[in-house]
Amino acid sequence: MERVKIDVSQPLPLYEQVAADIRRAIADGEARPGERLPLAKDLATVLGVNTNTVLRALRVLRDEGLLEFRRGRGITVAGTPERGAVLTKVNELVRFARAQGYRREELIAMIEAAT
């Protein structure tokens, strides 16, 4: 993750820039599944941003399925960008199904029937 660069003159929020650069590092193989990331405070220092900015970016990546937070073990790369894209679609499907009145069990049955 040596090439992570933040540009404060960009209109894109800093946390999104941090998330995008970490996402790119995972896609390029700089950070592989199972590897631990540096501490958020260390990343913040290197990037010249606030620790909260890095933490927000890391939470975004966790929600995408790319990172995993484990107490005592730090933050590790959990998957690939492809896995993150699938997880995003799964979350969209769950939200849509709930809005249509489907319960969890019904959605699972639909998915199992589709395979």
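A simple packing score, the average count of other Cβ atoms within 10 Å per residue, orders the peptides 80-86, 51-57, 104-110 as 51-57, 80-86, 104-110, with the highest score first. Whole Å is fine, so just give me how far the alpha carbon centre of the stretch 1-79 lies from that of the stretch 93-115. For the stretch 1-79 versus the stretch 93-115, the Cα centre distance is 32 Å.
Site pair Glu30 and Phe69 shows an inter-label distance of 2.3 nm when each label is modelled 7 Å from Cα along Cα→Cβ. Taking the charge dipole of the chain about its Cα centre, with +1 at Lys and Arg Cβ atoms and -1 at Asp and Glu Cβ atoms, the residue from Leu107, Phe69, Ile26 reaching farthest to the positive side is Phe69. Between Val60, Val49, Val90, the residue with the greatest mean-square fluctuation in the GNM of the chain (Cα pairs under 10 Å linked by springs) is Val90. If the segment from Leu39 to Ala85 were pulled out straight at 0.36 nm per residue, it would be longer than the present Cα-Cα gap by 14.1 nm. Shape annotation for the chain: C-alpha extents along the principal axes are 48, 31, 26 Å, from largest to smallest.
Can you tell which of Leu66, Leu39, Leu12 shows the greatest fluctuation in a Gaussian network model of the chain with Cα springs below 10 Å? Among Leu66, Leu39, Leu12, the largest GNM mean-square fluctuation belongs to Leu12. Comparing Ala31, Ala99, Ala40 in a Gaussian network model of the chain, where Cα atoms under 10 Å apart are tied by springs, the biggest mean-square fluctuation is seen for Ala99.
All of the numbers you see were taken from the coordinates with simple rules; none came from a lab. From a predicted model like this one, the values you see are computed outputs, not experimental measurements. Glycine gets a Cβ as well: all are built from the backbone with ideal geometry, and neighbour counts include every protein chain shown.
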